[in-house]
Every structure is written in structure tokens, then in C-alpha cells.
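The values are calculated or read from the model by the stated rules, or taken from the named source; none is laboratory data. None of these values were measured; they are calculated from a predicted model. Positions of Cβ are backbone-derived with ideal geometry, glycine not excepted, and every protein chain shown enters the neighbour counts. Areas reflect the complete protein model, heavy atoms only, side chains present, ligands, DNA and RNA absent. Shrake-Rupley method; radii C 1.70, N 1.55, O 1.52, S 1.80 Å.
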Amino acid sequence: MVFRLLIRTFAANMPFPIHINIVDLVFKGMLIGMIASAPMGPVGILCVQRTLNKGRLFGLATGVGAAVSDIIYAGITGFGMAFVMDFINNEQNKFYLQIAGSVLLLAFGLYTWRMDPTKNMHQSGQQKGSLWYNMWTAFLVTFSNPLIVFLFMALFAQFAFVIPDRPFEMLIGFASIVGGALLWWYGLSWLVDKVRTIFDTQGIRIINQVIGAVVTLFSVISLFGTVTNLFRFF
């Protein structure tokens, strides 16, 4: 893939050696950040509404606040999993953890596809406020849902993301999670801003169903690959 090729080129030109797995780690981190951010939960609805009511920059600021919260929970999850690395690094245990991660992702994808994100939607006010205010309130909305830890656990297990005794690589990996999350929020605010004249609650439902379908398909492929051991993409 072009993305991986660019990362490999960057790694090869660094003035100090980087573990070769850094390429896959960055790729995995970007995917984790996007998957964790994509479902249209309360902060996703908030991003859409603020983009429509206040402008794209305020929608993006909302996403930045959510990304800050996500990386805190991702760090907590990774720190906790680091204590059980001997268990995780066992090949048989890793196999079952990846199975569990795929099943959890499958359940998460089906739930996302079935849920109606507009059911309890509250209208965002027309008063813009500062960018800091929009970012801070989005952070609080996201941080108030600690259940995202379970999603990070499933993703970390499926991607075998935590690497023991590699602090530099893990720092880049967690930075990649932030990058993936910001890429998602940038893309979402851009899309909503471009189609603002035709965007409504039905558009929010469609986006959520597409996200749920993609996550479900990805989890099924990962589950099949792990169970059969015919191929390993990650």
C-alpha cells in the first residue's frame, strides 16, 4: 500500500535505527484511531451539528477534543495490558485473544449498524463560542464514556498492538492512534461541510450504517484469518 511505502521510506531515512515493526505499528495505530472514532456516538453527532451550525473549523475542534480523550483511554488500556505481556506473548493465548478481539469487534460493528444515533440527539446551539470551548466540551462528552476501554482492548488484542520493552516504538504507535483519529474527524467535518445543503438526520444514519458494515466485514475477515491461519494481514 502507498501509505505503508511512505512510512517505510520515512523510517529508512531516519538518522537512528528504528525497529522494522514500526511500519506496521504506525499502520495499526492509524486504523485503531479511525475505528475508535468512526461510530456516530454523541460526540460524532456533536461534530456534525457544529459543522453544520458553526462551520467546519468548529466541527474539527470538536473532533480534536474527542481525540485527546481517546488517547488517554488508549494509554490506560495499553499500560494495563503491559502488565500481562507474558500472558499475551504466549502464542496460544495470543490466538485466543485475537479470536476474542474479532468477536468483540463483530458485536461492536453489528451494534453500530443497528443503532439509531439520532434517537437521543440534542441540537447544538447556534452560539459559536471559542474553539477551546468546543474542544473542551467534546473532550468531556467523550471522556464520560469509559466503556471505550473495552473497544481499545479488543483492537489492541486483534492487532497485537502492545510491544513490551519498546518505549520509543510504542510512543510512535500511540501518536499514530491520535493521527488516525484526527484524520477521521478532519474527513468527517470536510464531508459534512461539502454536503451541508443536503445533509440531514438520514445522512447521519447512513454514515453510521456504512461504518457498522465496514467494521463488521473487517471483523469477519480477521476472525476467518485467525481461525484458519491461512493468512495474516496484521
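General observations
- Top-ranked residue of the range 169-202 - restricted to ones that are part of a helix (DSSP H, G or I) and without any contact (Cβ under 8 Å) to a residue 40 or more places away in the chain, ranked as least open to solvent (accessible area, probe 1.4 Å): Gly187
- All of (1) at pLDDT 80 or above; (2) within 16 Å of Pro39 (Cβ to Cβ); (3) open to solvent by 70 Å² or more (accessible area, probe 1.4 Å); (4) not hydroxyl-bearing (Ser, Thr, Tyr) hold for Leu155 with one exception: (3).
- Residues in the range 205-217 include at least one that is hydroxyl-bearing (Ser, Thr, Tyr), within 15 Å of the chain's Cα centre (by Cα), in a helix (DSSP H, G or I) and at pLDDT below 85.
- Considering only residues in the range 153-211 that are touching a helix residue (DSSP H, G or I) at 6+ places or on another chain (Cβ under 7 Å) and acidic (Asp, Glu), the one that is farthest from Arg50 (Cα to Cα) turns out to be Glu169.
- Test for Ala66: is it small (Gly, Ala, Ser), closer than 26 Å to Leu105 by Cα and surrounded by 22 or more Cβ atoms within 10 Å (Cβ to Cβ): yes
- Some residue of the range 94-104 being of a type in the set (Lys, Arg), surrounded by fewer than 15 Cβ atoms within 10 Å (Cβ to Cβ) and at pLDDT below 75: no
- Filter result for Gln127 (at pLDDT below 80 and part of a helix (DSSP H, G or I)): no
- Within the range 20-42, being open to solvent by less than 30 Å² (accessible area, probe 1.4 Å) and either assigned to a loop (DSSP other than H, G, I, E, B) or farther than 30 Å from Pro167 by Cβ (or both) holds for Ala38, Pro39, Met40, Gly41.
- Gly59 vs. criteria modelled with pLDDT of 75 or more, assigned to a helix (DSSP H, G or I), farther than 20 Å from Gly187 by Cβ and not hydroxyl-bearing (Ser, Thr, Tyr): no
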